[in-house]
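Take a look at the structure below.
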Amino acid sequence: MSWNIKKWNWSGTLVTMSTAIFALVSLISVYISITTWQIQREAARPYFTFLESPSIRLTGSLSYEFEFKFKNVGTHPATNLFSRTLVFEQQLLQTPILIDDYTVVNDIPRDTTTSLLLNLNDPDLVEKTNINPHFVIICLRYADPIVHKSYTQTIYLKWAGVIAGSKQPLIHVEMSEKEAILNYLETHHLLE
C-alpha cells in the first residue's frame, strides 16, 4: 500500500483536526465551569463565628455562666444545629466538669445570631478564689438545606480560670495545645 499525497484530502484532515481541538476546548470549559460552580457553592455554605467575645458571669454564688453568641456569616441557612460543649481542666487528667448538648430546632438564616448559654454549677468550683485554667471545646454540627450537606465546626477556647477571686477571660487555644486536646477527646470518646 502506497501513499499518494496528491489524493490526500487536506480539507477533511483540517476539519477533523479543528473538530478535535474544539471538543478539547469545550471539555476544558465544562471542567472550569463545574469547578467554579462547586467553589461558589462551598463558599455559600453556612458558617458560624462569634458575634462578640464570649462573656463570663458569676450568677449569685451558685454558678459561673458562659454566654457565646454565634452568627451565621454564610449565605445559606443552617438547619439542625447541634452543639456539644465540653469543659475540662488544662492538665487533661480528670473527666470533664461539664458536657452540655444543645439542639436548635429552627433554621438559622444568614446574618442571624443564636446564643449558647452554659452554667458551671459545681459548688466546690464556685466557692474557690483560685480556679485552674480550663479548656472549653464547642463542637457544632449543622446542615445546609440547599445543597443537602452536613458540616462540623470545632471551636477551641481556654478559660484562664480565676486568680485571687478575679475572673479571667476566655482566649483561643494555642496550636501547640491542640494535639493534646484531640488526644484527650479521643481517649475519653467525647466527640462521637
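Every read-out reported here was derived from the displayed coordinates using simple, explicitly stated rules and does not represent laboratory data. Because the structure is a prediction, the values reported are computed rather than measured. All Cβ positions, even for glycine, are placed from backbone atoms using ideal geometry, and neighbour counts span all protein chains on display.
What do you get for the angle between helix 10-43 and the principal long axis of the chain? Use alpha-carbon atoms, 0 to 90 degrees, nearest ten. Its long axis makes an angle of about 10 degrees. Among the chymotrypsin sites (Phe, Trp or Tyr not before Pro) in the stretch 83-180, none is located in a DSSP loop while being surrounded by at most 14 other Cβ atoms within 10 Å of its own Cβ. Charged side chains reduced to their Cβ positions (Lys and Arg at +1, Asp and Glu at -1) give the chain a dipole of some 1260 debye around its Cα centre. Dividing the mean sequence gap of close Cα pairs (under 8 Å, 6+ apart) by how many residues the chain holds gives a relative contact order of 18 percent. Dividing the convex hull volume of the alpha-carbon atoms in the chain by its residue count gives 204 Å³ per residue. The value for the stretch 50-154 of Rg(Cα) / (2.2 N^0.38 Å) is 1.22. Fully extending the segment from residue 121 to residue 28 would add 27.4 nm, taking 0.36 nm per residue of separation and subtracting the current Cα-Cα distance. Since only 147, 184, 104 are under comparison, the one whose Cα sits farthest along the positive direction of the charge dipole of the chain, derived from C-beta charges on Lys, Arg, Asp and Glu, is 147. Quick one: which of 69/178; 71/128; 149/178; 71/158 span more than 25 angstrom between C-alpha atoms? Those over the limit are 71/128; 149/178. For the stretch 65-115, the Kirkwood radius over C-alpha pairs fed into Stokes-Einstein at 20 °C and 1.002 mPa s yields D = 168 µm² per second.
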